Amino acid sequence: MALMRGLLGAKKILSRSVMATTPKGFLAVYVGEDQVQKKRYIVPVSYLSQPLFQALLSKSEEEFGFDHPMGGLTIPCPEDTFINVTSGLKGR
């Protein structure tokens, strides 16, 4: 159930103006623990179906929900953790 809410929240975000600034098939993700400054990554939409990425989204939903003024998903983890997880997803 939480996964479905997460995917619906992600879909809502994708429908915003962020899509105009990201290539088709990708989404913007803001990563970092600092509340003021987060780094923006562009990731393939296919990551949404990956269990490791879904775990990061679940943590994001618990801490922040999915409605953000930046217009993208926010994942509250260290950047190196995000990079380690997503580098394992490449080629899947």
Handout entry: Filtered residues of region 39-53 (kept if surrounded by fewer than 18 Cβ atoms within 10 Å (Cβ to Cβ) and within 14 Å of K24 (Cα to Cα))
Key = I42, P44, V45, S46
Problem - strands (runs of 3 or more DSSP E) wholly inside region 20-80 containing at least 1 residues that are at pLDDT 85 or above - result: 26-31, 39-44
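The values are calculated or read from the model by the stated rules, or taken from the named source; none is laboratory data. Just so it is clear, the model here is predicted, and its values are computed rather than measured. No Cβ is skipped: glycine too gets one built from the backbone with ideal geometry, and neighbour counts run over all protein chains shown.
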